[in-house]
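Every read-out reported here was derived from the displayed coordinates using simple, explicitly stated rules and does not represent laboratory data. Keep in mind it's a predicted model, so treat the numbers as computed, not measured. All Cβ positions, even for glycine, are placed from backbone atoms using ideal geometry, and neighbour counts span all protein chains on display.
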Amino acid sequence: MSKVRLDKFLADANFGTRSHVKTLIKHGFIKVNSEVIKNPSFSFDPLKEKVFYNDQLISYEEEAVFLINKPKDYICSNIDELYPSILNLLPSELFKKLKIVGRLDVDTTGTLLITTNGKLVNYFTHPKNSINKTYFVKVNHKITPAMVEAVKRPIDIGKGEFSLPCELEIISDDSAKITLSEGKYHEIKRIFHAFNLEVLELDRLNIDKYSYTNYNLKQGEYYKFNEEELNDILSLIGG
Ligand code: URA
């Protein structure tokens with residue numbers, strides 16, 4: 001773990017806004033180990049040093065990001081329903097702290113990010129950030145060049161909704177890669193349904209630059225981001 005600033009540590013531990021925690025620090029309420037620290041930009045290693053507010057220890061919650069290759073028959077929900085939650089495949093001691101970044105259908109496989117950090121979930125799922133997601137898709141009939149052209153414009157996917165322009169790359173008669181920058185409910189199935197095609201297989205290859213193929217993960221296997229990868233992904237939300 002790298003060093004963090006004392007004001008950021010306290011803000012992340014829900015002690016209030018940066019300006020509020022700066023005031024607490026300047027008024028001498030905070031100790032690092034046994035020393036009162038009055039400098040908000042004081043940097044320390046939270047895994048090695050202990051922080052106290054009014055002599056009460058502030059517990060440090062390490063952030064974590066996991067990338068899992070989701071198998072079929074698991075759901076992207078924090079609780080088991082008809083199928084078990086995907087969280088059953090991750091370290092059980094973290095179960096309560098983990099948040100799933102977006103949703104894949106029960107029969108969809110592939111790249112899924114799971115994290116302790118709620119802001120990261122918001123970043124990856126907020127439509128304004130237009131995060132690209134690429135899927136391998138296999139359907140029941142031929143995919144035509146006309147469809148490749150058609151998806152470049154909004155498609156009526158039913159229930160009054162339209163897809164945003166996306167990219168379709170034919171791989172074989174009945175398989176393709178499709179890249180979307182949004183995530184409406186069942187969106188890919190609904191796009192192909194608009195062409196009278198049924199999706200038989202759907203595998204998310206990547207979310208932005210993150211992919212299970214980078215770590216050779218088989219379905220059901222996960223990877224925990226190392227310190228460098230963690231700092232890199234957290235920098236998307238300002239570290
Ligand atoms: N689109 C779908 O139809 N299903 C998914 O799981 C993801 C995207």
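What to note about this one:
- Too-long pairs where the Cα-Cα distance tops 26 Å, listed order kept, from Lys72/Lys189; Lys96/Lys159; Lys142/Lys209; Lys48/Lys97; Lys72/Lys152; Lys97/Lys159: Lys96/Lys159; Lys142/Lys209; Lys72/Lys152; Lys97/Lys159
- Three-way shape call for the range 102-152 based on the alpha-carbon gyration tensor, with the a/c threshold at 1.5: oblate
- Neighbour cut-off at most 10 other Cβ (10 Å), DSSP loop, trypsin sites (Lys or Arg not before Pro), the range 149-239: Lys159, Lys209, Lys218
- Relative contact order computed over the range 98-148 (Cα-Cα under 8 Å; 6+ residues apart), in percent: 31
- All other residues whose Cβ lies under 13 angstrom from that of Asp232 are scored, Lys and Arg at +1 and Asp and Glu at -1, for a net of -4.
- Efficiency of FRET from Cβ geometry, Glu149 and Leu205, R₀ 22 Å, rounded to 0.05: 0.45
- Estimated FRET transfer efficiency (Val106, Phe52; beta-carbon r; R0 41 Å; 0.05): 0.30
- Rounded to the nearest 500, the helix-only mean residue ellipticity at 222 nm of the chain stands at -5000 deg cm²/dmol, with each DSSP H run of n ≥ 4 adding -39,500 (n - 2.57).
- Full-extension gain in nm, Ser235 to Glu61, via 0.36 nm per residue minus C-alpha separation: 60.9 nm
- Extension gain (nm, one decimal) between Ser77 and Asn33, 0.36 nm per residue minus Cα-Cα: 11.9 nm
- Choice from Asp80, Asp203, Asp12 with maximal GNM fluctuation in the chain (Cα, 10 Å cutoff): Asp12
- Site pair Glu228 and Asn132 shows an inter-label distance of 2.3 nm when each label is modelled 7 Å from Cα along Cα→Cβ.
- The trypsin sites (Lys or Arg not before Pro) of the range 8-39 meeting both criteria, a DSSP state outside H, G, I, E and B (loop) and at most 16 other C-beta atoms within 10 angstrom of the site's C-beta, are Lys38.
- Fraction of alpha-carbon pairs over 22 Å apart in the range 1-147 - percent: 57
- Near-label residues of the range 94-118 by backbone N, under 14 Å of a point 7 Å along Cα→Cβ of Asn140: none
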